[in-house]
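Single-structure report; data block below.
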Amino acid sequence: MALLLKKTKELEAQIDEYLDLVDRGGLIFKQGLKLYLEKREDEFEERMQDLRGMESKGDALRREIERMIYQQTLIPESRGDVLGLLESTDRVLNLLADTLLGFSVESPDIPSDIHHQFMDLAEASISSVESLVMAIRSYFRDFSASRDYINKVLFYEKESDKISEKIKRNIFSKTMDLSKKMHLRGFAYHIELISDEAEDVCDRLVIAAIKRHI
Amino acid sequence: MGWSLGANNAANIFGPAVGTRMVRFKVAATVASIFVILGAVISGAGAADTLGALGAVNALAGSFTVALAAAATVSWMTRVKIPVSASQAVVGGIIGWNLFTGSPTDFNSLTKIFISWVSSPILAAIFSLVIFRILKFFLDKSRVHLLEVDIFNRIGLILVGAFGAYSLGANNIANVMGVFVPASPFKSLSLGSLFALSGTQQLFFLGGLAIAIGIFTYSYRVMITVGNEIFHLTPVAALVVVLAESMVLFMFASQTLQKWLLSAGLPPIPLVPISSSQAAIGAVIGIALAKGGKGINYGVLGKIASGWITTPISATILTFVALFFVQNVFEMQVIHSVDYKITPGVLSRLAEEKIPPAPISPLTDKSFHNPVQFRSALQKYHDWSENQLSTIFKYAQKDSFNVQYDSVVVHMLTPKLSEKQIRAVKLLNGMSFSYKWQLNTALENAGESWRPRNGTEATLFNEELRKQKEAIFKLFSVPTR
């Protein structure tokens, strides 16, 4: 029994570590965007590489967790839910890395008057990711509390929708090439997409939490 | 009968665990088999005693027919999809034998059995409701990680499953082997002074083995069906259901618990074989009630209640018909001839039991060789109630006892006798008795320690005394044929 519990604790630690990665990924994304807008390119590239490293580490960790859960037939009733949660959370982490990579590759020229709007958008989107991580943690330990965090995720998702819309209207009201407008719009859209993904994970989480009601 | 009990009823204990893949089938089957056998051998006697009191099927062919007819009733009723329990079929079978052979049915036992059937699902529902509430409160407060809950749940399912299997063996072995007890050919077996198995225990061991074979060969499919289709529960709820069900089975089987209740001055719980499936259904309903009582199919409850009546009646009829064929077509002896003889001694003893001697006295000193003859002779002079008949049969039954005192044997008896009791037995050395009550009276006269007591805590003492006396009767009984 002690051995069983030891293995379980290991797995718990791995799940926590994975969620830490997602949480930290969000923070690094915010930091990276800020550095990009301030044109501190070297530091930005460093953050971008950090995030890509975390993404591949997250993939490996997620596969290991899934393998252990299935190999040892742990939580047979909820393993499908946990698997789905981890995989859709992984999409959030991937999206964070991909979006920051987009900034590095495409170097969009963001007019300085909408810098703060981009920062606001990133703030809202990353807040939804942070609440998501809290919601998933509480799913494992105290699933009745996950409801509060799920509410927060939904709130931040709406918020980022609003900010993104504002940015797009702002961009298209400016006098610049349509190609540039569409380029910028794409970035706003991608940052907004992060919170949309977080919302999708939440939808799964709501159902999984209902199923956990003994 | 044992095989089908293992194949079907083990699923009530381990079905949810195996069905939800919380416990592997091999682990479940091994644990279930070991504990079913232990339960049957160690605690099987209590519930079997009650069946024995209902009617003593004393010839092997009779026992066989009763068991077969009960098994046939179970499989037939299962085929027409009426929820059925082996316990109810066996009770029906014994009543069928009683009717066929004219032996009296002990209505006292019958009432006890019936009340137990009705109360067992209700008790299971109450237990599971309470346990579920407590466990839910605890789990919500403690914030244990899902994965840890999972581990504790698994260990819990195996432990509770072991307890459940033990209780199942103790409670339901009576269904499998109860009817064979009076006709058992086994003699007590002892290996040294540490380990002794009475004949009944050997019989129960055999029954336990049959159950274990049933578990290993056929219960997997039933477990999957029960776990996935019938009771699809969350693992925690599954644990609660199995625990509540096992507690009920244990309550109706445990002599230790009965003793404890008696010594605490509480009314004892009758030891009766009950239906594990119905206890399980009761426990599931308890969970549903704890969750707000939605989605209960009350039709199922009606079906269960109808089973309390239809199953025993069907089994009674089937046994009666089967016994007719076995006796008249296959010419097998379904009842050993039992002699009944009314003597003046019997009459005065009966008078003490408030049986008026006048209508019996014409039969004085006549011998009757089977219950049917005796019953019709008695009824000729008076319209006796079944209860009165039961008493008359008890005191008029002829036996033969010859007390051959052997210090070693008497000291080895189970339950153990006190030194005072043994001295009293020694006083009777060499005496012969032709009625059981005569030996009983002689014992009581030979020593204070053989007399039943009055007052508080006496029930426990008297119960032990009854068992000691049964052991003495068995020891000094001389086969008359």
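The values are calculated or read from the model by the stated rules, or taken from the named source; none is laboratory data. Here the structure is a predicted model, which means the values were calculated and not measured. FYI the Cβ positions are ideal-geometry reconstructions off the backbone, even for glycines, and counts take in every protein chain you see.
If you scan the stretch B:68-85, which residues turn out to be at pLDDT 80 or above and surrounded by 24 or more Cβ atoms within 10 Å (Cβ to Cβ)? The answer is B:Ala69, B:Ala70, B:Thr73. Of B:Leu139, B:Leu135, B:Leu146, all but one fail to be within 11 Å of chain A (Cβ to nearest Cβ), closer than 30 Å to A:Thr73 by Cα and either free of Cβ contacts under 8 Å to residues at least 12 places away in the same chain or surrounded by 20 or more Cβ atoms within 10 Å (Cβ to Cβ) (or both); the exception is B:Leu146. Restricted to the stretch B:201-223, and to residues there that are modelled with pLDDT of 75 or more and β-branched (Val, Ile, Thr), the residue that is nearest to the chain's Cα centre (by Cα) is B:Ile211. Residue check: A:Leu27 meets all listed conditions (1) within 14 Å of chain B (Cβ to nearest Cβ); (2) farther than 30 Å from B:Ile151 by Cβ but one, namely (1).
Annotation: of all residues in the stretch B:178-200 being surrounded by fewer than 17 Cβ atoms within 10 Å (Cβ to Cβ), part of a strand (DSSP E or B) and not small (Gly, Ala, Ser), the one that is modelled with the highest pLDDT is B:Leu189. Of the listed requirements (1) among the polar types (S, T, N, Q); (2) touching a Ser or Thr at 6+ places or on another chain (Cβ under 7 Å); (3) within 11 Å of chain A (Cβ to nearest Cβ), B:Asn175 misses just one: (3). Looking at (1) more than 11 Å from chain B (Cβ to nearest Cβ); (2) within 16 Å of A:Val133 (Cα to Cα); (3) surrounded by 16 or more Cβ atoms within 10 Å (Cβ to Cβ), which is the one condition that is false for A:Thr99? For A:Thr99, the exception is condition (2). Please verify whether B:Leu157 is within 14 Å of chain A (Cβ to nearest Cβ), of a type outside the set (Ser, Thr, Tyr) and surrounded by 23 or more Cβ atoms within 10 Å (Cβ to Cβ), treating the condition exactly as stated. So B:Leu157 passes the test. Scanning the stretch A:62-74 for residues that are at pLDDT 90 or above and crowded, with 17+ Cβ neighbours inside 10 Å turns up at least one hit.
Which ones in the stretch B:28-63 are among the hydrophobic types (A, V, I, L, M, F, W, C) and either at pLDDT below 80 or touching an Asp or Glu at 6+ places or on another chain (Cβ under 8 Å) (or both)?
Scanning the stretch B:28-63 gives B:Ala45, B:Ala47, B:Ala48, B:Leu51, B:Ala53, B:Leu54, B:Ala56, B:Val57, B:Ala59, B:Leu60, B:Ala61.
Just one of the listed residues (B:Asn175, B:Asn98) is at pLDDT below 85 and over 15 Å from the mean Cα position of the chain (by Cα), and it is B:Asn98.
In the set (1) within 14 Å of another protein chain (Cβ to nearest Cβ); (2) without any contact (Cβ under 8 Å) to a residue 24 or more places away in the chain, A:Asp50 fails one condition alone, (1).
So which residues in the stretch A:155-214 are in a helix (DSSP H, G or I), among the β-branched types (Val, Ile, Thr) and over 25 Å from A:Met134 (Cα atoms), if there are any at all? Lay out the reasoning, then the answer.
Step one: filter the stretch A:155-214 for residues in a helix (DSSP H, G or I), giving A:155-172, A:178-212.
Right, trim to among the β-branched types (Val, Ile, Thr) and you get A:163, A:167, A:171, A:191, A:194, A:201, A:206-207, A:210.
Across the stretch A:155-214, the qualifying residues are A:Ile167, A:Ile171.
The set of residues in the stretch A:59-99 that are not in a helix (DSSP H, G or I) and not acidic (Asp, Glu) comprises A:Gln72, A:Thr73, A:Leu74, A:Ile75, A:Pro76, A:Ser78.
Any residue in the stretch A:183-205 that is of a type in the set (A, V, I, L, M, F, W, C), farther than 19 Å from A:Ala124 by Cα and more than 14 Å from chain B (Cβ to nearest Cβ)? No, there is no match, as no residue in the stretch A:183-205 is of a type in the set (A, V, I, L, M, F, W, C), farther than 19 Å from A:Ala124 by Cα and more than 14 Å from chain B (Cβ to nearest Cβ). Against the conditions (1) aliphatic (A, V, I, L, M); (2) buried (at least 19 other Cβ atoms within 10 Å of the Cβ); (3) in contact with a Phe, Trp or Tyr (Cβ under 8 Å, 6 or more places away or on another chain), B:Val118 satisfies every one except (2). Here A:Phe155 fulfils each of the conditions (1) surrounded by fewer than 18 Cβ atoms within 10 Å (Cβ to Cβ); (2) more than 14 Å from every other protein chain (Cβ to nearest Cβ); (3) over 16 Å from the mean Cα position of the chain (by Cα) apart from (3).
With respect to the conditions (1) among the hydroxyl-bearing types (Ser, Thr, Tyr); (2) within 14 Å of chain B (Cβ to nearest Cβ); (3) in a helix (DSSP H, G or I), A:Ser144 falls short on a single one, namely (3).
Among the helices (runs of 4 or more DSSP H) confined to the stretch B:2-62, the ones with at least 3 residues that are within 14 Å of another protein chain (Cβ to nearest Cβ), touching a residue at least 24 places away in the same chain (Cβ under 8 Å) and surrounded by 24 or more Cβ atoms within 10 Å (Cβ to Cβ) are located at B:2-19.
State the number of residues belonging to the stretch B:399-413 that are β-branched (Val, Ile, Thr) and either part of a strand (DSSP E or B) or touching a strand residue (DSSP E or B) at 6+ places or on another chain (Cβ under 8 Å) (or both).
Final tally of qualifying residues: 1.
Yes or no: A:Ser104 of a type in the set (Ser, Thr, Tyr), part of a helix (DSSP H, G or I) and more than 15 Å from the chain's Cα centre (by Cα)? Spelling it out, A:Ser104 is indeed of a type in the set (Ser, Thr, Tyr), part of a helix (DSSP H, G or I) and more than 15 Å from the chain's Cα centre (by Cα). Considering the stretch B:233-269, the residues that are within 21 Å of the chain's Cα centre (by Cα) and outside any helix (DSSP H, G or I) include one that is modelled with the highest pLDDT, namely B:Phe252. Could you list, in sequence order, the residues of the stretch A:159-185 that are touching a residue at least 60 places away in the same chain (Cβ under 8 Å) and within 22 Å of the chain's Cα centre (by Cα)? Hit for the stretch A:159-185 is A:Leu184, nothing else.
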